[in-house]
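What follows draws every value from the coordinates through simple rules; no lab data is involved. Keep in mind that this is a model prediction, so the values were computed, not measured. Counting neighbours? That spans all protein chains shown, and the Cβs are built from the backbone with ideal geometry, glycine included.
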Amino acid sequence: MKAIILARVSTEDQMEAGNSLPAQIKRLEDYCSRKDFDIVKKFSFDESAYKTKRDEFDRILEYLKTTKEKIAVCFDKVDRFSRNVFDKRVSALYEMETNGNIELHFASDNLIVNSSISATEKFHFGMSLGLAKYYSDAISDNVKRARERQLKSGQWPHAAPIGYQNITFARR
């Protein structure tokens, strides 16, 4: 079967934590080799999966629409695919899979979404998408709480607006 590889990061922290693009690509190349897949294209990009504007990912969808034969779409993990269960791209790829155009492979999660997927595997996929969204939402909550705490303690949470000076006072 032919395959494409998708490697994605959205932050510098992810790169430093071992989720770098080259590391993902290597894991996926190894996975495709074990599955005897013929890699026809590799996509590697920096784009948040939590945002609604995902130009790079949309280009991949357009590419998949032009393929004539069934293709394995390989991600390292479900959270490299999406962190938003309501993202239109999730349903678009799932529909392509349902129509028999693609299979979704999540190498590190040991999950394949295809026509023979069991109810347990569908549940696993849905839970993985939900957990990825929860993780992003929890980070957002933590950042909001930290900013509120800074404001309550008299700290400005970011640089002063244009026209104002940034002055740092030493604590005694």
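Scanning the chain for chymotrypsin sites (Phe, Trp or Tyr not before Pro) in DSSP loops with at most 12 neighbouring Cβ atoms within 10 Å leaves 1-85 as the longest stretch between them. For the residues D141, D79, D58, a GNM of the chain with alpha-carbon springs under 10 Å puts the largest fluctuation on D141.
Between T120 and M1, the simple label model (points 7 Å from Cα in the Cβ direction) yields a spacing of 2.0 nm.
Take every pair of alpha-carbon atoms less than 8 Å apart whose residues are at least six positions apart; their mean separation over the length of the chain yields a relative contact order of 20 percent.
Between the helical axis of 119-152 and the longest alpha-carbon principal axis of the chain there is an angle of about 10 degrees.
From the alpha carbon centroid of segment 115-139 to that of segment 52-107 is 15 Å. Can you tell me how the chain classifies by the Cα gyration tensor, rounded, prolate or oblate, using a/c under 1.5 as the rounded cut? Prolate, since a/c reaches 1.5 and a/b exceeds b/c. For a paramagnetic label modelled on R34 (point 7 Å from Cα along Cα→Cβ), amide N atoms under 16 Å away belong, within segment 92-111, to 105-111. Of all the options R145, R80, R89, the one that moves most in a Gaussian network model of the chain with Cα springs shorter than 10 angstrom is R145.
Here the chain is assigned +1 on the Cβ of each Lys and Arg and -1 on the Cβ of each Asp and Glu. Its dipole about the Cα centre then comes out at about 640 debye.
Estimated from the Cβ-Cβ distance and a Förster radius of 25 angstrom, the FRET efficiency linking R59 and E148 is about 0.05. Which percent, to the nearest 5, of DSSP beta bridges fully inside segment 21-172 are antiparallel? Looking only at bridges with both residues in segment 21-172, the antiparallel portion is about 40 percent. Comparing mean-square fluctuations of A119, A23, A159 from a GNM of the chain with C-alpha springs under 10 Å, the top value falls on A159.
State whether segment 76-172 is rounded, prolate or oblate according to the following rule on the C-alpha gyration tensor (a ≥ b ≥ c being the square roots of its eigenvalues): a/c under 1.5 gives rounded; otherwise a/b larger than b/c gives prolate, and the remaining case gives oblate. Here segment 76-172 falls in the prolate category.
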